[in-house]
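Comments concern the structure below.
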Amino acid sequence: MEMSQCNYCKHRRVRGITTYCAAFPNGIPDDIKWNKFDHKKPYEGDGGIRFEVIPGLETPYKNAVHFEE
């Protein structure tokens, strides 16, 4: 099953049903949330904060997250 990269990011937070993070405190852009953009690369408005995998989840991340070409 395809999972959002955000599920594996150490910056991810949840408020109610809203997913946000340090880079996007008002909500994560759909392109990032739905793996249309690899957030290890700069994205407008991210303030220089990028995806960092939660320690220990490197292998599950590699197995579950794939980006659209």
Task: Selection within segment 8-29 - surrounded by fewer than 18 Cβ atoms within 10 Å (Cβ to Cβ) and either at pLDDT 95 or above or part of a loop (DSSP other than H, G, I, E, B) (or both) - done: LYS10, GLY16, ILE17, ALA22, PRO25, ASN26, GLY27, PRO29
Task: Among residues of segment 30-42, those that are of a type in the set (Phe, Trp, Tyr) and at pLDDT below 95, counted - done: 1
Task: Answer from PRO42, PRO55 - the residue that is over 13 Å from the mean Cα position of the chain (by Cα) and part of a loop (DSSP other than H, G, I, E, B) - done: PRO55
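The values are calculated or read from the model by the stated rules, or taken from the named source; none is laboratory data. From a predicted model like this one, the values you see are computed outputs, not experimental measurements. Virtual Cβ from ideal backbone geometry, glycine too; neighbours counted across all protein chains shown.
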